[in-house]
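Heads up, the thing below is written out as structure tokens.
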Amino acid sequence: MYVLDHTLPYIILGMPELSKYDITIDCSKQKICQNGKNLNKSQNDKNHSNDKNKHNISLHISECKQINSHCSQTTEDQVNPPQFVTEDKCELRKEVKDIIKNFDSVFSKDKYEVGALRVEPQRIVLNSDLPVSLRPYRTSPVEEQEIKSRVEKLLQAGLIKESNIPYSSPVTLAFKRDEGKKTRLCIDFRKLNALCKSDSEPLPLMDSLLDKLSKAKIFSSLDLASGYWHVPIHPKDIEKLAFCTNFGLYEWCRLPFGIKVAPAIFNRLIRRILTKYKIDFACNYFDIIVYSSSELEHWKHLKTIFEICEKENIKLKLSKCVFAQTKISFLGYEIEQGKVSPNNANIETIKKLQPPTNVKELQRFLGSVNVYNKFIPQYAKLRYPLNQLLKKDVKFNWTNECQDAFDKLKETLTTKPVLNLYNPDVTCHVFVDASQKSVGAVLKQPDASDILHPIAYHSRTLRDYEKNYAITELECLAIVDALDKFYYYLHGQKFVIHTDHAALVWLKNVKNLRGRLFRWSLKLSMFDYEIKYQKGCTNIEADMLSRHPVSHHLQHAVHLLDINEIKTQQKMIISVDLSIMKLKM
């Protein structure tokens, strides 16, 4: 067991940790024993770490004195110590401790010590000059005392000031998520937001951010201390952000939470800062994610980001920062060395969902599952029975088929599916297939051993008019649909399309196409691809996405038809089409 410096913060060891290492505490004799041995005697033994018979207990704590000053001054929002890479790598922890010590000024000491970005004050533009003026909400004595305490701290920090203008929005307290009875101060800006002009600054696309992490092995997540409060507001617009309490009127000098343009303003400023310093090893989505391909490179990247924080007056919240991890949670996903899987917490939430009893509950369930649809093979087929209940004028009747679909969707996600992250330097392989109900596709890339791994799954049910297509058209539709879905991965890259319909091998070069096939051929001409015929029994994954799994023995070789066989099948298709036309006439 490591003996900790008495100057470090208090640590609570719970029953699971004590039981795991067979630790007993005898309060009457003031003894702590492990496996029957008195640990009190070993505390002064300098060589106790060399005893091979003892088990070291690694604690997830901040054991560096350099950050003790931050931990000892924690507020209610800063109770969690920063996380590090594996506890047995002391040299890595030393690197982190040294960086934190050298950039001590970057970290906020408490909730109300925030930076002020060195940027032009931001404007809040309204569609009307008529002021929004609302009365304060009635609060209990306890709530009012808490609001008064928060307001006084905001005044002392210079984040707000007293006001006497006609604007006013009421204050309320909201419970913090996952923090029991703790509350946070909220301003009800709904009326003001209705008049506020929208900001078209685009937020980063999640898939694009995830793609940037494909080659990273080490991650750090940096949390800005009350990020919005870093943004100064233009003097002419401060009055618009006034809020009222039962004991006075105040106005924000910084960007508050709750304004609808706040995410766009904040994201634009952080994006411009990272662009200004030409940072290509970090991405921003409210938190700053630093990613590197090696540990040594990661320390350099962290140092660079901390230097930028110093120059731009950005304060970080140490207790919510995560340093040098091989696995990190980001945007509802877990990222680990080129692989991505759904976040455990979100999956547990979906797992606990009960069968819906009405359309609204069904929509909520499907909305939760749809976030992770690219992880679910046969997604369109699985949710097909549930889709029928969403149709207009259809009575909500929860059948056994619906229950099976509900259970299978939950089961697929709770098995923790894993996908590889897209690598732009590796050739893509698209496996497509179609049936009379749906079309499906799988995007894959090979690893160093040339073994193909899935990047994403896609499937959808056919529209009513598409169900009338011939099989050749359905297979073409599957290709077009897959390329539309995976466009951002395939455009400008050479890739291979695998399909189990031989007639499509000639699609790229065939002449005199008409109708839909001609239009689709033109659409496909913008891509650089090769079509390979693969028997349905070897194209099992894509086949499963569009129909029930085939029962043939799986064969791992890709069978290519020679050109004579292709021409023969082409003639057969034309002959069959002519016969059908004669029958109709």
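Tabulated results
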read-out: Which of Thr304, Thr472 has the fewest Cβ neighbours within 10 Å, and the rest in rising order; value: Thr304, Thr472
read-out: Share of pairwise Cα separations in the range 344-417, more than 19 Å, in percent; value: 28 percent
read-out: Neighbour net charge for Leu269 - beta-carbon separation under 11 angstrom, K R +1, D E -1; value: +2
read-out: Distant-in-sequence amide H partners of Ser292 (H built 1.01 Å from N, under 5 Å); value: Lys217, Ile218
read-out: Where labels lie 7 Å past Cα in the beta-carbon direction, separation of Asp425 and Leu513 in nm; value: 3.5 nm
read-out: Residue order, fewest to most beta carbons within 10 Å, for Ser169, Ser293, Ser525, Ser200; value: Ser200, Ser525, Ser293, Ser169
read-out: Members of Lys217/Lys532; Lys217/Lys320; Lys320/Lys444; Lys339/Lys408; Lys212/Lys315 lying beyond 28 Å, as alpha-carbon distances in this model show; value: Lys217/Lys532; Lys320/Lys444
read-out: Debye log10 I(q)/I(0) for the range 94-331, one point scatterer per Cα, at q = 0.07, 0.12, 0.15, 0.16 Å⁻¹; value: -0.26, -0.75, -1.08, -1.19
read-out: Charge context of Leu130, other residues only, Cβ under 12 angstrom, K/R +1, D/E -1; value: +1
read-out: Fewest-first sequence of Lys94, Lys352 by Cβ atoms within 10 Å of each Cβ; value: Lys352, Lys94
read-out: Proximal charge balance of Lys197 [Cβ under 10 Å; K/R count +1, D/E count -1]; value: +1
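Values in this text are rule-based calculations from the coordinates and carry no lab data. All of these numbers come straight from a predicted model, not from anything done at the bench. With ideal geometry, Cβ positions are generated from the backbone for all residues, glycine too; neighbour counts draw on all protein chains shown.
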